[in-house]
Every structure is written in structure tokens, then in C-alpha cells.
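Below is one structure; the comments refer to it alone.
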């Protein structure tokens with residue numbers, strides 16, 4: 001079962017991955033420094049498949065693509081936030097990091113709760129508290145991009161006509 005990690009409002013891209021941690025010899029190493037300075041417990045203890053639940057305006061600040069890349073390589077399954085900064089949202093989808101918007105989830109999860117997320121149905125379950133929330137699922141074409149590992153990988157495998165048909 002996945003564990004919830006929780007952040008507050010207005011977590012900016014410089015807090016997600018400070019510039020002192022990149023570039024790295026291997027881009028995958030960014031995950032080890034994700035939120036390192038502001039949330040060291042996450043950086044040290046997160047596990048593959050865990051979920052980050054955030055407040056409003058997650059990913060604000062610069063349009064630095066390294067921020068969602070660091071989160072992706074931290075191993076989290078997805079990010080659920082009350083709201084996302086627009087450029088962060090697009091960058092996350094472009095690199096294949098699933099994100100969901102849910103006002104209910106933030107207020108009904110505590111750090112460490114067990115969580116289950118169905119991205120295609122938009123269902124978020126707090127297993128620890130036996131609660132379930134419905135949110136707007138990722139659109140089919142976005143899910144396809146995420147499943148392929150991001151827009152670049154998607155476009156390498158599919159032609160433009162197929163992209164139009166995925167809608």
C-alpha cells in the first residue's frame with residue numbers, strides 16, 4: 001500500500017529541487033534531492049509508489065522542468081493537490097508524471113495515511129480512514145502520454161493522426 005506525504009500551499013520549484021542539486025551525472029539522481037532542503041524526511045524516506053498530497057498552487061515559481069523530473073525520479077506514483085501552477089501542471093504531464101486536482105483529498109489525509117489512487121477513474125481512497133473521493137480523472141489522451149513515459153516517448157511511438165484519435 002502507498003503512503004501519503006503531505007506538503008502545504010505554494011511549494012515552489014526552487015523548493016522542490018534547488019539549483020544546487022543539478023545538473024547531476026545521471027538525471028535519475030534528482031529524485032534523491034527532491035524537497036531535500038524543505039522536507040528532508042521525504043527526501044530520505046519516500047518509497048516507490050508513495051503519493052504526495054499538496055495544498056494550493058503546487059509547483060509555483062519558475063517554469064523549471066527539473067521540478068517535476070525530480071518528483072518523478074523520487075518514485076512517487078502521483079501528486080494530488082488542491083491546485084497546481086499552470087506551467088508545472090503542463091511540465092508534469094509532458095514528462096509523464098501523473099497529477100490530480102482534489103480539494104477534498106488535502107483536508108482528509110494525514111501524513112502517513114495509506115492511499116490508493118485510480119488515475120483513470122479519478123478515485124482517491126484513504127485506506128487508513130476508510131474514505132473515498134471522486135475527482136476529475138486524467139483525460140484518455142493524457143493517460144496515454146503518462147503511460148508512455150511522457151510526450152516525447154509518446155510521439156516517438158505514435159504518429160500525429162493517432163494522437164488526434166486518442167481524444
Any hit, region 69-81, residues being at pLDDT below 95 and more than 10 Å from the chain's Cα centre (by Cα): no
Filter result (in contact with a strand residue (DSSP E or B) (Cβ under 9 Å, 6 or more places away or on another chain) and at pLDDT 95 or above) within region 91-105: 92, 93, 97, 98, 99, 100, 101, 102
Residue match in region 48-62 (condition: under 27 Å from residue 155 (Cα atoms) and modelled with pLDDT under 95): yes
Residue 99 vs. criteria crowded, with 22+ Cβ neighbours inside 10 Å, in contact with a helix residue (DSSP H, G or I) (Cβ under 9 Å, 6 or more places away or on another chain) and within 25 Å of residue 33 (Cβ to Cβ): yes
Hits in region 57-76 (condition: assigned to a helix (DSSP H, G or I) and in contact with a strand residue (DSSP E or B) (Cβ under 8 Å, 6 or more places away or on another chain)): 71
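Every residue, every condition in (1) in a helix (DSSP H, G or I); (2) surrounded by fewer than 20 Cβ atoms within 10 Å (Cβ to Cβ), yes or no:
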{"position": "80", "(1), (2)": "no, no"}
{"position": "90", "(1), (2)": "yes, yes"}
{"position": "104", "(1), (2)": "yes, yes"}
{"position": "109", "(1), (2)": "no, no"}
{"position": "112", "(1), (2)": "no, yes"}
{"position": "116", "(1), (2)": "no, yes"}
{"position": "120", "(1), (2)": "no, yes"}
{"position": "153", "(1), (2)": "yes, yes"}
Close pairs (8 angstrom Cβ cut-off, 6 or more residues apart or separate chains): at negative phi in region 12-35, modelled with pLDDT of 95 or more and surrounded by fewer than 16 Cβ atoms within 10 Å (Cβ to Cβ) anywhere: 31/75
Conditions (1) in contact with a helix residue (DSSP H, G or I) (Cβ under 8 Å, 6 or more places away or on another chain); (2) modelled with pLDDT of 95 or more: number failed by residue 145: (2)
Pairs with Cβ under 9 Å, 6+ apart, first in region 55-70 and on the phi > 0 side of the Ramachandran plot, second surrounded by 24 or more Cβ atoms within 10 Å (Cβ to Cβ) and part of a loop (DSSP other than H, G, I, E, B): 57/11; 59/11; 61/11
Selection count, region 130-150, where residues are in contact with a strand residue (DSSP E or B) (Cβ under 9 Å, 6 or more places away or on another chain), in a loop (DSSP other than H, G, I, E, B) and surrounded by 12 or more Cβ atoms within 10 Å (Cβ to Cβ): 3
Residues of region 1-36 satisfying the condition of being surrounded by fewer than 16 Cβ atoms within 10 Å (Cβ to Cβ), outside any helix (DSSP H, G or I) and out of contact with any helix residue (DSSP H, G or I) (no Cβ under 7 Å at 6 or more places or on another chain): 1, 8, 9, 10, 23, 25, 26
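The values are calculated or read from the model by the stated rules, or taken from the named source; none is laboratory data. Just so it is clear, the structure is predicted and the values come from calculations on it, not from any experiment. Here Cβ is always computed from backbone atoms with ideal geometry, including for glycine, and neighbour counts include all displayed protein chains.
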